[in-house]
Structure formats: structure tokens, C-alpha cells
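**Student:** For reference, the structure I am asking about is given below.
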Amino acid sequence: MRHRRPVVAAVPGRELAGAARAQAEGRVSAVGVSNWPISSLQRMEALGQELPEVNQVEVHVGWHEDDLIDYCHARGIVVQAASPLARFAPAIVGAPAVLAAAAAHRKSPAQILLRYLIERGVAPIPSAHSSAYQRENLAVLQFQLDAHEVAALGGVVAACRGKAADGLAKCWADPSTMMCRHHNGFTFHCP
Ligand SMILES: NC(=O)c1ccc[n+]([C@@H]2O[C@H](COP(=O)([O-])OP(=O)(O)OC[C@H]3O[C@@H](n4cnc5c(N)ncnc54)[C@H](OP(=O)(O)O)[C@@H]3O)[C@@H](O)[C@H]2O)c1
């Protein structure tokens, strides 16, 4: 997306009100939020507030909150996928469905992960330091996955840790099987 005016990333509370005001005054073109669940968006709707144009949430083959994605899409909210490569966690990158699609299309696992999101109508924002990775990631616009492959890739999340809704609790209950990991003092759920 190209914007002539800046896009403001808002957080709940005063910042969101400020962002909405800035948009009304024409100082910003779009308001985005991050990690907002359906309940927060529903609250905005109930209050008659204008919904954000973008909701950036973690989405990848190993973690996709389909209800939230559907909710956003039904209201024209762009879902932007944070950590679209699942931080390149081996459990996700090496999932059979990922490897099968990679072999079938002669693409890398990273490209399959990104293409899955595009097929789902979600906008991936991978971070990649090297120009080689950046080129590889940009090349996902040149092929397509079929519906069976998308369904199989969507199933990785179930194989990984069950329903998204109870995944975090499971992670905490059994970090070894749910592949939690610790980094910089935070515990990341699967992975
Ligand atoms: N809103 C939020 O709460 C939230 C949460 C998490 C992340 N984010 C945002 O989401 C973006 C990406 O997230 P992320 O960095 O956590 O995870 P990510 O994009 O899923 O994974 C990044 C990792 O994948 C590697 N990689 C990139 N391209 C690759 C390729 N083609 N082949 C193999 N490995 C590849 C990178 O390697 P290198 O290290 O070599 O580059 C890096 O280790 C960032 O802008 C981040 O700020 C937002």
C-alpha cells in the first residue's frame, strides 16, 4: 500500500482517539492497530467508532486465528501478519505440509509460508536482513498454491498445538511438547 500521508499505528486508549482525530483532520491517511482481538474491535463497533484499517497480529502456518481473520475481512480491515515466517521455527518450517508444497512448487519453505498468507488474503511482513532472503521473499508473487495445499498448510496449526484459542494455556502447561521458548525474558508460544 502506498500512502501520501503517514499511517498511524494506534494502541487502545487516548492514542486511538488521537489517531482518529488526526485522521479526521486529514493529517494521517489510515489508522492501524496491533494485536487487537475481536472483542476490542466489537467494542469499537458498539461505541459507533470507526474501525481501524489495519490490524497487525501474529499469523503464520503454525498460528492463525481464523475467527479474527474472518471478522477483519468481513469489515474491510487489512490483516497484517506479524512473524509470518513463524520466526523460522524448525517445527513449522519442517512441517510435512510445508515440505510437500515446497517440493511440488520447487520453492523454499519460507516462500510456502508467505504464499499461504497471501492465499488467505493476509499481508505478510517478514523481516529479513540479507538481500538474498529479501529477494526470495519477494518472489512469492510468482506462484500460487491450490485450495488443497492451503487447507493442508492450515492444518499445521492443529497438528502443532490444537485449537488456537487454547494453545497458549497448553503451552504453559507443557512447554516441552508445545515448543515454547524463552527469548529476552519473554515466553513465546508455539514456537
Ligand atoms: N505487532 C506485533 O506484536 C509483532 C509481533 C512480532 C513481530 N512483529 C513484526 O513482524 C515482522 C516480522 O516478524 P519476526 O521478525 O518476529 O519474524 P519472521 O519474519 O517470521 O521471521 C524472521 C526470521 O526469519 C528469517 N528469514 C527471513 N526470510 C527468510 C528466508 N527466505 N529463508 C529463511 N529464513 C528467513 C530471518 O532471518 P534473518 O535474521 O537472517 O533476517 C529471521 O530469523 C517484524 O517487522 C516485527 O516487528 C510484530
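**Student:** When you check residue 57 against the structure, is it surrounded by 17 or more Cβ atoms within 10 Å (Cβ to Cβ) and within 20 Å of residue 157 (Cβ to Cβ), yes or no?
**Tutor:** Working: surrounded by 17 or more Cβ atoms within 10 Å (Cβ to Cβ): yes; within 20 Å of residue 157 (Cβ to Cβ): yes.
The answer is yes for residue 57.
**Student:** Let me ask another. Which residue, of 106, 43, 120, is modelled with pLDDT of 95 or more, exposed (fewer than 14 other Cβ atoms within 10 Å of the Cβ) and of a type outside the set (Gly, Ala, Ser)? Can you show your working first?
**Tutor:** Values: 43 fails: modelled with pLDDT of 95 or more; 120 fails: exposed (fewer than 14 other Cβ atoms within 10 Å of the Cβ).
Answer to the check: 106.
**Student:** If you don't mind, there's one more thing I want to ask. For residues in segment 38-66 being acidic (Asp, Glu) and part of a helix (DSSP H, G or I), which is nearest to the ligand (Cβ to nearest atom)? Outline the logic, then answer.
**Tutor:** Residues of segment 38-66 acidic (Asp, Glu): 45, 50, 53, 58, 65-66.
Those left that are additionally part of a helix (DSSP H, G or I): 45, 66.
Details: 45: 22, 66: 19 Å.
Taking the candidates together, the pick is 66.
Yes or no, residue by residue, for (1) closer than 22 Å to residue 79 by Cβ; (2) modelled with pLDDT of 95 or more; (3) not β-branched (Val, Ile, Thr):
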residue: 110; (1), (2), (3): yes, yes, yes
residue: 125; (1), (2), (3): yes, yes, no
residue: 130; (1), (2), (3): no, yes, yes
residue: 146; (1), (2), (3): yes, yes, yes
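**Student:** Okay, moving on. Kindly indicate whether any position in segment 119-131 is under 20 Å from residue 59 (Cβ atoms), more than 10 Å from the ligand (Cβ to nearest atom) and in a helix (DSSP H, G or I). If you could, list the steps in order and put the result at the bottom.
**Tutor:** From segment 119-131, those under 20 Å from residue 59 (Cβ atoms) are 119-128; that's our starting set.
Going one step further and asking which of them are more than 10 Å from the ligand (Cβ to nearest atom), we end up with 119-123.
Now drop any that are not in a helix (DSSP H, G or I), which leaves 119.
Looking through segment 119-131, at least one residue is under 20 Å from residue 59 (Cβ atoms), more than 10 Å from the ligand (Cβ to nearest atom) and in a helix (DSSP H, G or I).
**Student:** Within segment 83-96, how many residues are of a type in the set (Gly, Ala, Ser), within 6 Å of the ligand (Cβ to nearest atom) and either part of a helix (DSSP H, G or I) or surrounded by fewer than 17 Cβ atoms within 10 Å (Cβ to Cβ) (or both)?
**Tutor:** Here is the first cut: in segment 83-96, the residues of a type in the set (Gly, Ala, Ser) are 83, 86, 89, 91, 94-95.
With the extra rule that they be within 6 Å of the ligand (Cβ to nearest atom), the set shrinks to 83, 86.
Next, only the ones that are either part of a helix (DSSP H, G or I) or surrounded by fewer than 17 Cβ atoms within 10 Å (Cβ to Cβ) (or both) stay: 86.
Matching residues across segment 83-96 total 1.
**Student:** Check residue 112 against each of (1) within 10 Å of the ligand (Cβ to nearest atom); (2) of a type outside the set (D, E, K, R); (3) in contact with a helix residue (DSSP H, G or I) (Cβ under 8 Å, 6 or more places away or on another chain) and name the one condition it does not meet.
**Tutor:** So the condition that residue 112 fails would be (1).
**Student:** Take residue 69 and tell me if it is under 17 Å from residue 151 (Cβ atoms), crowded, with 19+ Cβ neighbours inside 10 Å, at pLDDT 95 or above and more than 8 Å from the ligand (Cβ to nearest atom).
**Tutor:** On the way: under 17 Å from residue 151 (Cβ atoms): yes; crowded, with 19+ Cβ neighbours inside 10 Å: yes; at pLDDT 95 or above: yes; more than 8 Å from the ligand (Cβ to nearest atom): yes.
Answer is yes for this residue.
**Student:** Could you go through segment 107-126 and let me know if any residue there is hydrophobic (A, V, I, L, M, F, W, C), in contact with a Lys or Arg (Cβ under 9 Å, 6 or more places away or on another chain) and touching a residue at least 24 places away in the same chain (Cβ under 8 Å).
**Tutor:** Step one: filter segment 107-126 for residues hydrophobic (A, V, I, L, M, F, W, C), giving 110, 112-114, 117-118, 122-123, 125.
Add one more test, that the residue is in contact with a Lys or Arg (Cβ under 9 Å, 6 or more places away or on another chain), and what stays is none.
Among the residues of segment 107-126, not one is hydrophobic (A, V, I, L, M, F, W, C), in contact with a Lys or Arg (Cβ under 9 Å, 6 or more places away or on another chain) and touching a residue at least 24 places away in the same chain (Cβ under 8 Å), which makes the answer no.
The values are calculated or read from the model by the stated rules, or taken from the named source; none is laboratory data. Since this is a predicted model, take the numbers as computed values, not measurements. Here the Cβ is made from the backbone with ideal geometry for all residues, glycine too, and neighbour counts use every protein chain on show.
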